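The values are calculated or read from the model by the stated rules, or taken from the named source; none is laboratory data. This one's a predicted model, so the numbers in the text were calculated from it and none came from an experiment. Cβ placement follows ideal geometry from the backbone for every residue including glycine, while neighbour counts extend to all protein chains displayed. For accessibility, only protein heavy atoms count, side chains too; no ligands or nucleic acids. Shrake-Rupley method; radii C 1.70, N 1.55, O 1.52, S 1.80 Å.
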Amino acid sequence: MTTSSRVFKFKEQIISIYYGAKGFVLLRFSKKTKLMNKQLKERIMLAITEVNGCEMCSFIHTKLALSSGMSRENIKKILDGDTTSIPIDDAVAVMFGQDYAYSKECPSAESIKRIIDEYGYQKAELIVAASNMITMTNGMGTSMDYFYRRLKFKRNRNSNILIELFNPLFTMLLFPLFVLFFSIKTLLGSKPKTLNTVCST
């Protein structure tokens, strides 16, 4: 894991909640396509979690990755920033996830084009959807972790108590509402799009 964790500002987290809910609904309604398997999704999420430095998320997604069939060694490598064990078919998606996180959700146009060229538009949308989802949970998880550290008198100087309290609260309140909103839109025939949420496009 990275030694420093990202501090998500209020605006960043609210945007992440909106896009995270959109990504969740798209992934949920796209299960039948079988374009996104559990291991690919977890590799993307572990890679983004490593960049954002969310210890809570790394614990949760390690368990999910293990349940998907990934080995502890491969999981540890991703959380250490080592992508050498990533299967060749998943490498471009994982590198996109890293670029997505390092750029704070503004990956390069080349990075976006690469996943579309490699996987096709529909699967590229699911890769972005997974990236959106984990970014939202990273924002909540890091805020909760900072609050826990504050209680132990180890506060992060770049964070503040309002971020630590309200980012998780906003996530728990707004996420279900946005999920309901996008689910209704999907059932009415308006499928969520995710590539148009990437800032470089």
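Within the range 90-110, being in contact (Cβ under 8 Å) with a residue 24 or more places away in the chain and farther than 12 Å from I48 by Cβ holds for D90, V92, C106, S108, A109. Residues in the range 70-89 that are part of a loop (DSSP other than H, G, I, E, B) and loosely packed, with under 11 Cβ neighbours inside 10 Å: T84 alone.
When each of G69, G139, G53 is tested for being at pLDDT 95 or above and either of a type outside the set (A, V, I, L, M) or under 16 Å from the mean Cα position of the chain (by Cα) (or both), the lone residue that passes is G139. Figure legend. Inter-residue proximity from the range 160-184: first residues free of Cβ contacts under 8 Å to residues at least 24 places away in the same chain, second residues buried (at least 16 other Cβ atoms within 10 Å of the Cβ) and aromatic (F, W, Y), beta-carbon distance below 6 Å, spacing 6+ or different chains. Indicated pairs: E164/Y146; E164/F147.
Looking at this structure, is K63 out of contact with any helix residue (DSSP H, G or I) (no Cβ under 8 Å at 6 or more places or on another chain), in a helix (DSSP H, G or I) and open to solvent by 10 Å² or more (accessible area, probe 1.4 Å)? So K63 passes the test.
From the set of residues in the range 91-110 that are open to solvent by 20 Å² or more (accessible area, probe 1.4 Å) and in a helix (DSSP H, G or I), which is modelled with the lowest pLDDT? This residue is A109.
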